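Note sheet for the following structure.
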Ligand SMILES: Cc1cc2nc3c(=O)[nH]c(=O)nc-3n(C[C@H](O)[C@H](O)[C@H](O)COP(=O)(O)OP(=O)(O)OC[C@H]3O[C@@H](n4cnc5c(N)ncnc54)[C@H](O)[C@@H]3O)c2cc1C
């Protein structure tokens, strides 16, 4: 009997633990081989128990969100992938103060998607999350990455985060103390896990927020290759430049390796054009990095995270 597997099922419930789960089912690139174990955790207690178990038996583990910024090896991941379950009931709004001074505190589990939280806020006429609502990540992933778009970043709206620290304790800290910077934070660097967060929003109307949401979604649709699997912008923006422009100027628009390609619609996106493997995608990425460096002596750093390599 596999004691580790049995113990995971004991903690998380048998229906929430999968063995040899294909990660292509859980990543927006739609690539990636099997993780030894894939566990959906109903709450922080389950997540903490599973992590403690992994540490005890020295099993590698990885906490993921929606997999929208993740490239998983074709050979999979020899370890346990853990994920916080979506919990719509955890999304709560509280109006604080009155009149001109009034604002809204929105709280949510980190397992919920930004689109779910942003849509709920929009329906109530609470503004501030519009920039984030079209980002296909979970709140946890967005906190780790300090995700941003259209002039907004998570650090503009997030006040507090409940974290699970590497020593297994749960505490509430200010987001500022997690040092959110361009697509980075202490969550990523120090293996802390975001469990929930509070965001400060403002009072508006459903119509106004709805108009803004539609405007930003239309902008995404017109500029991004949303018809193909991808992980969004593959590279970080090098200081003083745009990755997409450098890639275009290096003559790499449409550059292909196997089924992976530099999108012609947005040169900053590597897309799974036609049944790509992770190896194809990585092939495009490394070729682009090499050629852009040769031409401009600028290093393109990956924004996408890699698992199992
Ligand atoms: C079509 C498309 C458009 C995109 N547009 C944007 C955009 O406009 N702006 C932008 O910033 N990004 C964009 N992205 C990238 C991606 O959606 C973001 O990086 C997002 O924040 C990742 O969240 P996730 O839940 O999918 O995280 P994952 O991809 O699952 O994980 C990413 C990293 O976050 C860590 N992580 C996940 N959950 C937690 C947690 N609870 N606690 C601690 N660490 C955690 C993981 O360990 C991993 O290192 C886009 C992606 C796609 C596919």
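Quick note: the coordinates plus some simple rules give every number you see, no bench work behind them. As the structure is a computational prediction, the values presented were derived from the model and not from experiment. Cβ sites come from the backbone with ideal geometry, for glycine too, and all protein chains shown count toward neighbours.
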### Summary
Distance in nm between residue 287 and residue 15 label points, each 7 Å along Cα→Cβ, equals 4.6 nm
### Task
Return a whole-number percent for the relative contact order of region 225-307, with Cα pairs under 8 Å and 6 or more residues apart as the contact set.
35 percent
## Note on the structure
The exposure ranking of 226, 201, fewest beta-carbon neighbours within 10 Å first, is 226, 201
### Message
Averaging over every viewing direction, what projected area does the convex hull of the Cα atoms of region 76-155 cover, in nm²?
### Response
6.6 nm²
### Query
Can you give the Kirkwood hydrodynamic radius of region 160-292 from its Cα pairs, in Å with one decimal?
17.7 Å
#### Entry: Rg(Cα) / (2.2 N^0.38 Å) computed for region 225-307, rounded to two decimals
0.97
### Query
What per residue convex hull volume, in Å³, comes out for region 75-115 when only alpha-carbon positions are used?
105 Å³
### Task
Among 295, 212, 245, determine the one that fluctuates most according to a GNM of the chain built with springs between C-alpha atoms less than 10 Å apart.
295
### Query
Counting only Cα, what are the radius of gyration and maximum Cα-Cα distance Dmax of region 3-84, in Å?
11.8, 33
### Query
How much length is gained on full extension from residue 239 to residue 274, taking 0.36 nm per residue of separation minus their Cα-Cα distance?
9.4 nm
### Rh by Kirkwood over Cα pairs, then Stokes-Einstein D for region 137-199 at 1.306 mPa s and 10 °C, µm²/s
140 µm²/s
### Message
Using Cα-Cα distances under 8 Å and only pairs 6 or more residues apart, what relative contact order does region 3-84 have, in percent?
### Response
36 percent
### Task
For an R0 of 45 angstrom, estimate the FRET efficiency from the Cβ-Cβ distance between residue 207 and residue 306 and round to the nearest 0.05.
0.60
#### Entry: region 189-235-region 99-119 distance, computed between alpha-carbon centres (Å)
13 Å
### Task
Mind jotting down the distance between the C-alpha centroids of region 292-309 and region 52-85, whole Å?
23 Å
### Query
Can you give the Kirkwood hydrodynamic radius of the chain from its Cα pairs, in Å with one decimal?
20.3 Å
### Query
How much mean residue ellipticity at 222 nm does the chain get from its helices, if each DSSP H run of length 4 or more adds -39500 (n - 2.57) and you divide by all residues, to the nearest 500 deg cm²/dmol?
-9000 deg cm²/dmol
#### Entry: Sequence-separation-based contact order of the chain, relative, with Cα cut under 8 Å and 6+ spacing, percent
16 percent
### Task
Based on alpha-carbon positions alone, could you give the equivalent ellipsoid semi-axes of region 201-268 from the gyration tensor, as √(5λ), descending, whole Å?
31, 15, 10
### Task
Compute the FRET efficiency between residue 170 and residue 150 as 1/(1 + (r/R0)^6), taking r as their Cβ-Cβ distance and R0 = 35 Å, and round to the nearest 0.05.
0.60
### Task
Please report, to two decimal places, log10 I(q)/I(0) for region 1-151 at q = 0.13 Å⁻¹ as given by the Debye formula with identical point scatterers on the Cα atoms and no solvent.
-0.66
### Query
What residue among 190, 294, 98 shows peak mean-square fluctuation when the chain is described by a Gaussian network model with Cα springs under 10 Å?
98
### Task
Give the span of region 88-222's Cα atoms along each principal axis, as three whole-Å numbers ordered largest to smallest.
45, 39, 25
